[in-house]
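Inspection log for the structure reproduced underneath, given as structure tokens.
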Amino acid sequence: MSRSAVGVSPGRVNLIGEHTDYNDGFVLPIGLRWQARVDAATRSDDAVVVSSSQLGETIRVDDLSPTPGQWWGYVAGVVWVLRQRGHAVGGVDLRLDSQVPLGGGLSSSAAIEAATVLAVDALFSLGLDADELASVAQATENDFLAIPTGPMDQRASLWCTAGHALLLDCRSLQGTQVPFELPDDLTLALVDTHSPHVLADGAYGERRTSCHAAAERLGVRALRDVTDPAALEGLADAVLLRRARHVVTENARVLDAVAALEAADWARFGALMTASHASMRDDYEITVPTVDQAVDSALASGALGARMTGGGFGGTVLALVPTDALEDFVRRVSDDYAARDFDPPSVSTTAAEAGGLELRARLRA
Ligand code: GLA
């Protein structure tokens, strides 16, 4: 008799702390209401059969080995990682259904990996703890798909809880839940710029390499260990200096943002978001005209702050908007996009939603 289990985990939006995760730094994501769901069922053979509701496709894999660039790898790769780590995972049917927008910088891939590891863990009674679930999901992306992303996304998808942002220390991999409840007169808006961001095209890996080179020249284990931007003056290479300055100042902004949240100082929180964007635009050079325009339109509509979120080169802009200015903002960003012949943006709003572990606890209750 075939057994079955389900895993559900959301996309995430990072409030602040971009490109700090692979520098052992700090990030502050929240969970989204868009989720990936994976229904898993045992098979009588050893095959892994993956299907996608969105694509209407099914693929059967008999011999799993790392395969970059395939949609099914985000699902089947989890089984490969688990088997590599010695877990007894037999043949399995995995049906994927995901609402997380693709290419929007909202961790659609981490949501799929997280939902899959939750489903497979339950199906084969592996009893993985929160750290191991996240580690397997991240290894799927790094080792099966060969995408050199950091530790944030899978932990955000799994560990976020409703009404909180997750302060993740990417060196210790310890997460702290920081209350994140907006007052009624403020709204967190998400602008999908419809300029897909791509992680696999080399620019992400190049930024990562620059950071490691900067750390090496400064004689530190990671840029996390530099807290005084003046220490960066020792970098002779102007590009490396700018890249490192983004990371060092961004780490400080995350900790300041947490203090602002604790003090319910939303003006300060917004100003930090905008400073983060300027740093990504000018020092890290990962923004594009559509995201810069969305930030400018938000600020011109009275937003307290706005910034691109995620890996960069497109994706989603996050804006902290007075609720009574939201309609104005939607109109303004649409008009500004039309005036520049950009594809129309889509604006939605979000709160801090439950991650995969909280959703699992709710399903079991
Ligand atoms: C992508 C990666 C993350 C992180 C962000 C930038 O989302 O998957 O690991 O590096 O970019 O903050």
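The values are calculated or read from the model by the stated rules, or taken from the named source; none is laboratory data. Because the structure is a prediction, the values reported are computed rather than measured. Note that we place each Cβ from the backbone using ideal geometry, even for glycine, and neighbour counts take in every protein chain shown. SASA here: full protein model, heavy atoms, side chains in, ligands and nucleic acids out. Shrake-Rupley method; radii C 1.70, N 1.55, O 1.52, S 1.80 Å.
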State, to one decimal in nm, how far the label point of Val239 lies from the label point of Ser348, with both points 7 Å from Cα in the Cβ direction. 3.7 nm
For the range 245-296, just run the numbers: alpha carbon Rg, then divide by 2.2 N^0.38 Å, N being how many residues it has. 1.18
Highest GNM mean-square fluctuation, the chain, Cα pairs closer than 10 Å: which of Ala238, Ala203, Ala351? Ala238
Report the relative contact order of the chain, percent, no decimals, based on alpha-carbon pairs under 8 angstrom and at least 6 residues apart. 24 percent
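Between Arg83 and Gln177, 0.36 nm times their residue separation minus their Cα-Cα distance comes to what?
30.7 nm
For Ala267 and Ala230, what does the FRET efficiency come to when R0 = 41 Å and r is the distance between their Cβ atoms, rounded to the nearest 0.05?
Once rounded, the FRET efficiency stands at 0.90.
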Quick one: angle between helix 73-84 and the longest Cα principal axis of the chain, in degrees between 0 and 90, rounded to 10, please. 60 degrees
Simple spin-label estimate for Ala252/Leu55, 7 Å along Cα→Cβ, in nm, reads 4.5 nm
May I ask you to compute the full-extension gain from Gln99 to Gln70, defined as 0.36 nm times their residue separation minus their alpha-carbon distance, rounded to one decimal in nm? 8.6 nm
GNM of the chain, Cα pairs under 10 angstrom: of Ala264, Ala300, Ala236, the biggest fluctuation goes to Ala236
Measure nothing fancy, just the Cα-based angle from helix 108-123's long axis to the longest principal axis of the chain, in degrees from 0 to 90, nearest 10. 30 degrees
Under a 10 Å cutoff between Cα atoms, tell me which one of Asp328, Asp62, Asp169 has the largest fluctuation in the Gaussian network model of the chain. Asp62
Could you give the size of the charge dipole of the chain about its Cα centre, using +1 on the Cβ of each K and R and -1 on the Cβ of each D and E, expressed in debye and rounded to the nearest 20? 620 debye
Report the label-to-label distance for Arg221 and Met1 in nanometres (one decimal), using points 7 Å from each Cα along the Cα→Cβ vector. 5.1 nm
Does the chain come out rounded, prolate or oblate by the C-alpha gyration tensor, with a ≥ b ≥ c the root eigenvalues, rounded set by a/c under 1.5 and, if not, prolate when a/b is larger than b/c and oblate if not? prolate
Using a 1.4 Å probe on the protein heavy atoms, what percent of the accessible area of the range 167-259 belongs to carbon and sulfur? 51 percent
Helix axis angle, 326-339 relative to the chain longest principal axis, alpha carbon, degrees: 90 degrees
Return one whole number: the accessible area per residue of the chain in Å², for a 1.4 Å probe. 39 Å²
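Please find the FRET efficiency linking Ala339 to Ala278, where r is the Cβ-Cβ separation and R0 is fixed at 25 Å, and quote it to the nearest 0.05. Don't skip to the end; give the middle numbers.
Working: r = 23 Å, r/R0 = 0.91.
FRET efficiency, Ala339 to Ala278: 0.65.
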